[in-house]
1. Residues that are among the hydroxyl-bearing types (S, T, Y) and assigned to a strand (DSSP E or B): does segment 245-254 have at least one?
2. How about segment 111-163: which strands (runs of 3 or more DSSP E) wholly inside it have at least 3 residues that are in the same structural domain as S96 (by TED's automatic domain parsing) and either closer than 21 Å to L92 by Cβ or out of contact with any strand residue (DSSP E or B) (no Cβ under 8 Å at 6 or more places or on another chain) (or both)?
3. Taking segment 30-61, which residues are modelled with pLDDT of 85 or more and part of a loop (DSSP other than H, G, I, E, B)?
4. Name the one entry in K246, K252, K230, K220 that is in contact with a helix residue (DSSP H, G or I) (Cβ under 7 Å, 6 or more places away or on another chain) and either at pLDDT 80 or above or in the same structural domain as I272 (by TED's automatic domain parsing) (or both).
5. Of the residues that make up segment 148-170, is at least one under 27 Å from the mean Cα position of the chain (by Cα) and free of Cβ contacts under 8 Å to residues at least 40 places away in the same chain?
6. Are any of the residues in segment 81-94 under 13 Å from S419 (Cβ atoms) and within 27 Å of the chain's Cα centre (by Cα)?
7. Among the residues of segment 376-414 satisfying the criterion of being aliphatic (A, V, I, L, M) and closer than 22 Å to A322 by Cβ, which is modelled with the highest pLDDT?
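The values are calculated or read from the model by the stated rules, or taken from the named source; none is laboratory data. Only a predicted model underlies this, so the values are computations on that prediction, with no experimental measurement involved. Every residue, glycine among them, receives a Cβ derived from its backbone with ideal geometry; neighbour counts consider all protein chains shown.
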Amino acid sequence: MTHQFTRGARNQCTIAFLTSLILLGLWAAAPLGADAVTLSERLAGRIVLQVQEKGKAWYINPASQERAYLGRPSDAFRIMRELGLGITTADLEKISASGDSDPGDAKLARRLAGKILLQVQAAGEAWYINPVDLKRYYLGRPSDAFSVMRNLGLGVSNTDIGKIPTAKKYTDPEQTGSEQTGSGTHDLSAYAGSYRCWSYNVSGGGGGNCRLFAPIVLNKDGAYTVSSEKGTFTVTGDTIVLSESKLRGPGKLISGTQIRFEYDYNNWHHTITYLKEGGTASPSTSGASEVPVQVILQYPAKDSALNGIVTVELVPEGQNVATASYKPTAIAVWDGDKRVTASFHKATNTPQIGKKYTVYTNTGSASTAVGTLDLTAVKEELTVTINVTTGESKQSAVDRQEGHEIVVEIDLEYPNRDSSLGSIQFVTLVPEGGDPQTAVYKPMALAVWDGDRIVVGSFHKATNQVKTKAKYDVYADWGPFGGYVKSGTLDLMTTVSGPITKKIQATLSGASSSSAQ
């Protein structure tokens, strides 16, 4: 379930909450003095509300004494998971729960005051130990975590909050580096380049091919354009904000090459990812000339797995694709048949003449050499066709069987209610026996947790329908920290028509400790 708060509603809630604090006598009676170190120590483990900034909430991590911006419910939930400390059920139950008159083990509560605890014997259920009353508060779903953290907040001024350093990973994208001590703002020139739409997903159902959408062009001076949209951009931590992008909101920078936006529009949740077109600038100072090049990869047969190729990369002959510092990169566009085209024509990814390159395709998880490009005697723009010979992919075998696409819903049913199920990002289908890390063809659907025991993945759009006359391994994708966990199989060998629903009895036993948290 997606939780949205309009600015007006958020402000009203904040004002009401602050008013209640005043009436209850819980408001700080005097300014928080002391220097940065002392103030960080005094507020370690507390949640504070920046009253001059519409009540923005921060958590002061007692381990680092840095502040983490809570932002939206999803931000609060993520921080809770990443900063949590494991605890056994026996030890946790020694600490009195909120609303319980039993004082519990006060000594243990004081030792853990201000910390977020993950109940390791209960699939990582999370609790917050409030330093004020030494009670534990349950942090269930993202909305629960957000509500608890805000309702236990202490009001502080901009002056006081500015004395506490900000964790680089948990900054407020709306504030500048001068407003956030230790905010980790970056040199904007490092992000300059053209970013082409790679994929988008609408409420788990896919969204079609977006690689011909207008690119996001970031300039070294902090300006940007998206077609007719023009403005400035800022980067704080791993968050990028486009000043005139009212719909998309802040984006997340991933590995220095991707920008991902998640937002809600017309009651649908949208996820759209842009990939940087250009490679790293050449370290050479020889002033070598550049030339636009279009590379056409001609495959022997139609293969829908070709749509899984994300980029085409040019690596100077003899260098390693994984470590090359100069590697022009262009978005791959499949024609729906046998060809993949990549155009190297932007200032950030134009190859240099006088060089030989090894041509690689990249699926996002692996690079494969497919040919060579010789520019040693080239002086002007050219188009090169490379005939690719490669082994048959698993998807080729599926195509050859002349199966047809159908609508499928996968229901992963777990034995017990578990809040960690909300951390599953995708339900992924991989042709039987394939490796989910390297498979080119793997239909993916956004995982939707029902708040209880079931995670649903709906494969119904053109980009993620699945074919009959094939068998698939079904994986729960827990993201970068949890990885893929095999949950069952989907047999469509004898299926004639859809839609169909497949219920799979799943467990958490295969998930990594990170994912279970």
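1. No, segment 245-254 contains no residue that is among the hydroxyl-bearing types (S, T, Y) and assigned to a strand (DSSP E or B).
2. Correct list: 116-119, 125-129, 136-139.
3. L43, A44, G45, R46, N61
4. On inspection, the qualifying residue turns out to be K220.
5. Yes.
6. yes
7. Taking the candidates together, the pick is I386.
Residues checked against (1) assigned to a loop (DSSP other than H, G, I, E, B); (2) modelled with pLDDT under 80; (3) assigned by TED's automatic domain parsing to the domain that holds I272; (4) under 19 Å from T495 (Cα atoms):
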position	(1), (2), (3), (4)
V430	no, no, no, yes
A439	yes, yes, no, no
S458	no, no, no, yes
K461	yes, yes, no, yes
